[in-house]
Amino acid sequence: MADLKVNFAGVEFKNPVIPASGAYGYGREYEDLYPVSLLGGISVKGTTLNKKDGNPPPRIAETYAGMLNSVGLQNGGVKKFLNTELPYLKTKDIVVISNIAGATVEECRELAALIDNSDADMIELNISCPNVKQGGAAFGTKCDSAAAITRAVRSATTKPLMVKLSPNVTSIVDIAKAVEAEGADAVSLINTLLGMRIDIKTKRPILKNNVGGLSGPAVFPVAVRMVWQVANAVSIPVCGMGGISCAEDAIEMMMAGAQTIQLGAAIFNNPYAPVEIIEGMNKWCDENGVRSITEIIGAVKPW
Amino acid sequence: MADLKVNFAGVEFKNPVIPASGAYGYGREYEDLYPVSLLGGISVKGTTLNKKDGNPPPRIAETYAGMLNSVGLQNGGVKKFLNTELPYLKTKDIVVISNIAGATVEECRELAALIDNSDADMIELNISCPNVKQGGAAFGTKCDSAAAITRAVRSATTKPLMVKLSPNVTSIVDIAKAVEAEGADAVSLINTLLGMRIDIKTKRPILKNNVGGLSGPAVFPVAVRMVWQVANAVSIPVCGMGGISCAEDAIEMMMAGAQTIQLGAAIFNNPYAPVEIIEGMNKWCDENGVRSITEIIGAVKPW
Amino acid sequence: MYKHGKYPVTEKKAVAKGIFDFTISCKEVAEIAQCGQFVHVAAEGFMLRRPISICDIDKEKGTIRIVFEVRGKGTEKISDIKKGDLIDMIAPLGKGFKILEKGKKAVCIGGGIGTPPMVAVAKEYGENATVISGFRSASAVILQEDFKAQGNNTILCTDDGTAGMKGFVTTALEECLDKEKPDIIYACGPSAMLKAVVDIAKKNGVYCQVSLEERMGCGVGACLVCACKVVKDGEEFYAHVCKDGPVFSAEEVVF
Amino acid sequence: MYKHGKYPVTEKKAVAKGIFDFTISCKEVAEIAQCGQFVHVAAEGFMLRRPISICDIDKEKGTIRIVFEVRGKGTEKISDIKKGDLIDMIAPLGKGFKILEKGKKAVCIGGGIGTPPMVAVAKEYGENATVISGFRSASAVILQEDFKAQGNNTILCTDDGTAGMKGFVTTALEECLDKEKPDIIYACGPSAMLKAVVDIAKKNGVYCQVSLEERMGCGVGACLVCACKVVKDGEEFYAHVCKDGPVFSAEEVVF
């Protein structure tokens, strides 16, 4: 048994595997299969100040080795999270990452302030949701706006702050540096790539939102590249995500420079994916004489 | 039998199917299976002023529903193209698209001037190659540099000029508008997404170039989205490419706004893909009462 | 409570063009399955699972039946599963139909591939159930023998009149209600049909439950993609077919 | 000249742990195939084909043999193809070995999974061919009976001495050359082994051909990914394994 513990941005994770925001609800839905406490952490569903209804359906479209989604941050609002979901998760011996996704800088600041007074272990600031009219990717595709919102949220909380970055940019490295400069404790990447599918029978987009976020194995090589670039450009830790579906993918992502990893789409295909990845990491470490998973972080040697 | 003829940027194509630059050499390699003259056109291997050796191997890595390549524009130089390859292709009753990829604005201008005096039907200016140190994507990721190189090349040729755009940008629409403003007759998109794979056994990147361009079905939804956005933002025609592997994909891409389509990676898996797409388009048109393929261009009705 | 596993397909039949009938041996699933619930089936090589309603449940034999239509490459892949092979499914999922106490009368309405879930629910009512099912034409008709075998009264409709009566299930339903009002109406099928059925049920003051469909992701209520607009206490919001449904009370659904 | 088609696998054997031996009925391919060429095999569900060297050719029966190792999920998928199933391949591809006229003597050197292509070439020389093959250990040894059956002299080496002589093929080659110099040396295997063999051949003034390997795309010379550095007329450049190779003259190759 290798040691899978990771200290990420000052937070102790028993292992580096984290279901991504929006993929795992608040940790209740898969308890029928295995206890959520097996996982290192959970990034909960993106939370807004008030209840949000999300986009009209269809909200999902299948693609080659991937999927598009346009949920649009449907959630019960931060009060429901703090009163109902967080207390439940705090009984589970798991790092709780509160994902906040306000439509304005002020809303994000308010959300951070409210979370700051809670038991949540970490805040993930989502500045890259491709499926909302206000906020979302609008914050995350320009350095100045990414910096401004990070500054505002930073001022409202002393909790470890992770900023979730959009891959739909010319230089994700520049955005990462901008949020690092404003005091972000970590960055998580990549959020989804903006995509579209059309039903050629009806000549209508499959998603009612016309476009949506691409995730799944299809985007994995783009995610590995961006994680590698960012991990080599900033000094804060990186949480890597984007298309991870097995232990080998997770190890590859960590070798690229990720200290922790998130997965989403893979869980819809295989609900056991998170635990299989944890077991697979353990097995791989043992077979390769790796005592601590931290040994492989950023271990890739470029040519 | 539907009418598959398309007039693209003033050039008559007998059908809209074109093997992408770098995927089909100069049209000789697949003649063992079927005549290249069945195809609407061919975008030949990216050409530089002088012979270019390309990047060290490995130059290819497999990904989920896709592949990375880092060939780096290996080619015999423009003279060899003009003296050896072009005369051969001109005997084939196929639209010959000369793809030029200079390392500097001046080299691209010179290339365009040389092609201008040739029998090539069209020029595709590649400002988005992710695998070369100079030029390539460096031109295609900023509006001003994209505009400058288009202006220079435009001044050197009266042939129909198509500019091949990079998807690795925050707004491909802005780049498309910039090259349109400088007199481009068409745009082709998307070039490859920059990606990376790591061999976890050796802890080295699979590609000797560390990173490479992602193509194949994995990128299809990103390509459809970008083609849809660009086709709705510019008035010049769009050649759509990125992960097309069957007739349904090609039809979807045309509904998104593409007047012609290119395919690359799919051919490596199925050499017959281009002809199967042509046959499939014909069949689909007949089954759906479409007399001319031009009826479906941009036919998608957004919600 | 649900399970995830690979279970043997013990019987496989093609019951109509492009429509397959699988019997799956899955004791742990059959034990807890309720009529109206669905199974979420993996299609090899495809990212997303396909939700398929449970057609019938045999708790003694420990089997369930699914009857599904090949609509695309994913369901085609599932239809390639051979007798004896394993099918990968998460099941049983969602909220099923409400079953009234013995002696109550039910009308079950199935439109096309919406017919299969009516088998298990109609079985609960035996001769007290009238099953109205509608299809494009004779070649698409399925499951009529199953309904008869379990004692249901059956009314068959086809759009072109090539089998049963020519016309829509709604016409048949209205004639039915003119004769006698049932205690409950169950319906599954195209949303236009469901809307019409719900209106008729309301007009006649009969409680009605409908089974809805939407493009689905996780199937267990985590990803929130399979949204459907419902109204409760006068407030409209998006519920989710996989967890809050697929069965909803008619008055909740906003068509 | 090459073909693309789906051809029946008429025989399938596991010849060592993770190493499979397929006989494929493909008259049109066998007719034109030369030893040293390769086939480009599709792995269902994978983007890229896998190049596999031709082990043997039977022009009368219209069959070819491939012997390959499972190195990853793609080759594993190919190894799942059952006897009687079809294998999708583009073949024959590349330039094969140069065969000298009757009576000439050859030494064929195979390192591990580089051994299969030596079967067809050694067959051309019968008793005039000495086949030196090296493997990690006894459990990995393949094809020795095939070489003996076609009259070749065989020298078997294993790294751990569990079969044949303990040591590398290069040692065996040197001993061989001390006794008698052949007219040609053929080699296929790890590049370190090839480099050593080429040096020995040069030192002994024996013409040598090597079969190279590189990650491949199209397989027909269109995509230019499978580059290998060669030198001609003093000029170094990238040739391509799929079209200019896989067989190269030793003096061309830049290791």
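The values are calculated or read from the model by the stated rules, or taken from the named source; none is laboratory data. Keep in mind it's a predicted model, so treat the numbers as computed, not measured. No Cβ is skipped: glycine too gets one built from the backbone with ideal geometry, and neighbour counts run over all protein chains shown.
You will find that of A:210, A:191, the residue that is surrounded by fewer than 24 Cβ atoms within 10 Å (Cβ to Cβ), of a type outside the set (D, E, K, R) and modelled with pLDDT of 95 or more is A:210 and no other.
Tell me whether the range B:187-204 contains one or more residues that are over 30 Å from residue A:247 (Cα atoms), among the polar types (S, T, N, Q), within 14 Å of chain A (Cβ to nearest Cβ) and within 18 Å of the chain's Cα centre (by Cα). Yes, the range B:187-204 contains at least one residue that is over 30 Å from residue A:247 (Cα atoms), among the polar types (S, T, N, Q), within 14 Å of chain A (Cβ to nearest Cβ) and within 18 Å of the chain's Cα centre (by Cα). Would you confirm whether or not the range D:41-54 contains a residue that is in contact with a Ser or Thr (Cβ under 6 Å, 6 or more places away or on another chain), within 25 Å of residue D:215 (Cβ to Cβ) and more than 14 Å from every other protein chain (Cβ to nearest Cβ)? The answer is no, given that none of the residues of the range D:41-54 is in contact with a Ser or Thr (Cβ under 6 Å, 6 or more places away or on another chain), within 25 Å of residue D:215 (Cβ to Cβ) and more than 14 Å from every other protein chain (Cβ to nearest Cβ). Criterion applied to D:102, D:98, D:83, D:123 was being out of contact with any helix residue (DSSP H, G or I) (no Cβ under 7 Å at 6 or more places or on another chain), surrounded by fewer than 24 Cβ atoms within 10 Å (Cβ to Cβ) and without any contact (Cβ under 8 Å) to a residue 24 or more places away in the chain, and the one residue passing it is D:102.
What number of residues within the range A:268-303 are away from chain C (no Cβ under 14 Å), within 30 Å of residue A:28 (Cβ to Cβ) and among the small types (Gly, Ala, Ser)? Selection size over the range A:268-303: 1.
Return yes or no: is residue D:29 at negative phi and in contact with a helix residue (DSSP H, G or I) (Cβ under 8 Å, 6 or more places away or on another chain)? Judged against the criteria, residue D:29 is not a match. Any residue at all in the range B:283-295 that's in contact (Cβ under 8 Å) with a residue 40 or more places away in the chain and small (Gly, Ala, Ser)? There is at least one residue in the range B:283-295 that is in contact (Cβ under 8 Å) with a residue 40 or more places away in the chain and small (Gly, Ala, Ser).
Would you mention how many residues in the range B:1-18 are among the basic types (Lys, Arg) and farther than 18 Å from residue B:252 by Cα? Residues in the range B:1-18 being among the basic types (Lys, Arg) and farther than 18 Å from residue B:252 by Cα: 1 in total.
Tallying residues that are under 16 Å from residue D:115 (Cβ atoms) and surrounded by 23 or more Cβ atoms within 10 Å (Cβ to Cβ) within the range D:58-68 yields 2. A count restricted to the range D:159-173 and to residues that are surrounded by 15 or more Cβ atoms within 10 Å (Cβ to Cβ), touching a helix residue (DSSP H, G or I) at 6+ places or on another chain (Cβ under 6 Å) and not aliphatic (A, V, I, L, M) stands at 1.
I'd like the residue in the range C:26-40 that is under 15 Å from residue C:86 (Cα atoms) and in a strand (DSSP E or B) and, out of all such residues, is farthest from the other protein chains (Cβ to nearest Cβ). Only one residue fits best here, namely C:39.
Could you look through the range A:105-143, keep only residues that are within 14 Å of chain B (Cβ to nearest Cβ) and part of a helix (DSSP H, G or I), and pick out the one that is surrounded by the most Cβ atoms within 10 Å (Cβ to Cβ)? It comes out as A:140. The range D:48-120 holds strands (runs of 3 or more DSSP E) entirely within its bounds, and those carrying 2 or more residues that are more than 22 Å from residue B:271 (Cα to Cα) and modelled with pLDDT of 95 or more map to D:50-58, D:63-69, D:106-111. State all residues of the range B:278-303 that are part of a helix (DSSP H, G or I) and hydrophobic (A, V, I, L, M, F, W, C); if no residue qualifies, say none. Result: B:278, B:281, B:284, B:285, B:293, B:296.
Checking each residue of the range C:242-251 against the condition of being without any contact (Cβ under 8 Å) to a residue 40 or more places away in the chain, within 14 Å of another protein chain (Cβ to nearest Cβ) and crowded, with 20+ Cβ neighbours inside 10 Å gives no match. Can you confirm whether the range D:56-67 contains a residue that is farther than 24 Å from residue D:98 by Cβ, of a type in the set (Asp, Glu) and either more than 12 Å from every other protein chain (Cβ to nearest Cβ) or in contact (Cβ under 8 Å) with a residue 24 or more places away in the chain (or both)? Within the range D:56-67, not a single residue is farther than 24 Å from residue D:98 by Cβ, of a type in the set (Asp, Glu) and either more than 12 Å from every other protein chain (Cβ to nearest Cβ) or in contact (Cβ under 8 Å) with a residue 24 or more places away in the chain (or both). Taking the range A:225-255 as the search range and keeping residues that are in contact with a Gly (Cβ under 7 Å, 6 or more places away or on another chain) and farther than 18 Å from residue A:4 by Cβ, which one is surrounded by the fewest Cβ atoms within 10 Å (Cβ to Cβ)? Checking each candidate, the answer is A:232. All of C:137, C:53, C:133 fail the test of being outside the structural domain of residue C:163 (by TED's automatic domain parsing) and among the small types (Gly, Ala, Ser), apart from C:53. Taken over the range A:200-241, the residue count meeting the criterion of being touching a strand residue (DSSP E or B) at 6+ places or on another chain (Cβ under 9 Å), among the small types (Gly, Ala, Ser) and under 28 Å from residue A:160 (Cα atoms) is 6. Taking the criterion of being assigned to a helix (DSSP H, G or I) and among the small types (Gly, Ala, Ser), the residues of the range B:165-220 that qualify are B:176, B:178, B:181, B:218.
In the range D:1-25, the qualifying residues are those that are in a loop (DSSP other than H, G, I, E, B) and surrounded by fewer than 23 Cβ atoms within 10 Å (Cβ to Cβ), and the one that is modelled with the lowest pLDDT is D:1. Checking each residue in the range A:256-267 for being surrounded by fewer than 24 Cβ atoms within 10 Å (Cβ to Cβ) and either aromatic (Phe, Trp, Tyr) or away from chain C (no Cβ under 13 Å) (or both) picks out A:257, A:259.
Here residue A:250 fulfils each of the conditions (1) outside any loop (DSSP other than H, G, I, E, B); (2) more than 14 Å from chain B (Cβ to nearest Cβ); (3) aliphatic (A, V, I, L, M) apart from (2).
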